[in-house]
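The values are calculated or read from the model by the stated rules, or taken from the named source; none is laboratory data. Quick caveat: nothing in here was measured; it's all calculated off a predicted structure. Using ideal geometry, Cβ is built from the backbone for each residue, glycine included, and neighbour counts are taken over all protein chains shown. The accessibility values were calculated without ligands, DNA or RNA, using every heavy atom of the protein model including side chains. Shrake-Rupley method; radii C 1.70, N 1.55, O 1.52, S 1.80 Å.
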Amino acid sequence: MVSSRDFVNLSKYCFHDNKHIIAARACPNFEYNTSDEIIRAENGPSGYIITPISENQCRLVCLINVNLKGWLPQYLIDQTLSMVQVDFITELRKYINKVQDSLV
């Protein structure tokens, strides 16, 4: 139900107090215009904080502040964003397993 969105973000990655912090925010990009078929959405201050718990576990905190633009009911946005986060975690786990397998 939610069509494609285009995001232009400025991101920053750092380590602080044994935490990996990934932060992002929308930034204007006047050289790259959107097409009529894709809506330019915006991320407010957003990010991920990854904290090690043990050798094989970590805590992932997701901070999401997104404006998808367009005429979408808030309940649909909330539902879609939660599904996107579940998909992100699933793909992240697959990637980590693949990287770990290649290191063995």
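Taking the Cα centre of the chain as origin and assigning +1 to Lys and Arg Cβ atoms and -1 to Asp and Glu Cβ atoms, the resulting dipole is close to 240 debye. Here the label points at residue 29 and residue 68, each 7 Å from Cα along the C-beta direction, are separated by 2.1 nm in the simple model.
Residue 72 sits among other residues whose Cβ lies under 13 Å from its own Cβ, and their net charge, with Lys and Arg +1 and Asp and Glu -1, is +1. Mean residue ellipticity, 222 nm, helices only, the chain: the sum of -39500 (n - 2.57) across DSSP H runs of n ≥ 4, divided by residue count and rounded to 500, is -10500 deg cm²/dmol. Only protein heavy atoms count here; on that basis, with a 1.4 Å probe, residue 42 has an accessible area of about 90 Å².
The dipole here belongs to region 43-101: it is taken about the Cα centre, uses +1 on the Cβ of Lys and Arg and -1 on the Cβ of Asp and Glu, and is about 80 debye. Comparing mean-square fluctuations of 64, 89, 49 from a GNM of the chain with C-alpha springs under 10 Å, the top value falls on 89. Here the Karplus curve 6.51 cos²θ - 1.76 cosθ + 1.60, taken at θ = phi - 60°, turns the phi angles of region 56-63 into couplings of 10, 9, 8, 9, 10, 9, 10, 10 Hz, with x standing for Gly and Pro. With every protein chain in place and a 1.4 angstrom probe, the accessible-area ranking of 63, 68, largest first, reads 63, 68. Angle of helix 74-103 to the longest C-alpha principal axis of the chain, folded into 0 to 90 degrees and rounded to 10: 40°. A 1.4 Å probe run over the chain, with the rest of the protein chains in place, finds 82 Å² accessible per residue.
Largest GNM mean-square fluctuation across 78, 87, 17, computed for the chain with C-alpha springs under 10 Å, falls on 17.
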